[in-house]
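Here, each number is a calculation from the coordinates, and none is a lab measurement. Values in this document were obtained by computation on a predicted structure and should not be read as measured data. Note that we place each Cβ from the backbone using ideal geometry, even for glycine, and neighbour counts take in every protein chain shown.
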Amino acid sequence: MEYPEALKRVRAEKPKENFMAITFTVSRIVLPHKDGLVFMQALANAEKLVGGYYDPHRISEIPPDEIVATPFSHQEYENYKIAGLLDITLADVKEMQAVLRKPTT
């Protein structure tokens, strides 16, 4: 394929509009479920920008396994927040919860 043909194809595929590139530097983000649904809907039109300093630059489809949404319960959310506030591990939080749930005799 030559440049004029590639240009014609790109312009035919996407309407002329500005775009936004978003870089995630975190491994996971947590959103309220309703916001997560909106976020995932927004990703329906997303494409992947790839290429390093010496690598070829491309815009391609996002592989289906690259973005994974999983349920995250309110209890899990609270546990992680408590662990952060107390500067302890998640296991420590669960251990504290188990101690607090034990019936006293």
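At-a-glance table
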quantity	calculated
Test: residue in region 81-97 that is surrounded by 11 or more Cβ atoms within 10 Å (Cβ to Cβ) and either within 20 Å of Leu37 (Cβ to Cβ) or touching a residue at least 40 places away in the same chain (Cβ under 8 Å) (or both)	no
Those residues of region 60-97 which are under 27 Å from Ala42 (Cα atoms) and of a type in the set (Gly, Ala, Ser), in sequence order	Ser60, Ala69, Ser73
Residue list for region 40-70, filter: in contact (Cβ under 8 Å) with a residue 24 or more places away in the chain and over 26 Å from Ala6 (Cα atoms)	Met40, Ile67, Ala69
Any hit, region 23-35, residues being surrounded by 10 or more Cβ atoms within 10 Å (Cβ to Cβ) and over 30 Å from Ala98 (Cβ atoms)	yes
Output for region 29-58, where each listed residue is among the charged types (D, E, K, R) and in contact with a strand residue (DSSP E or B) (Cβ under 9 Å, 6 or more places away or on another chain)	Glu47, Lys48, Arg58
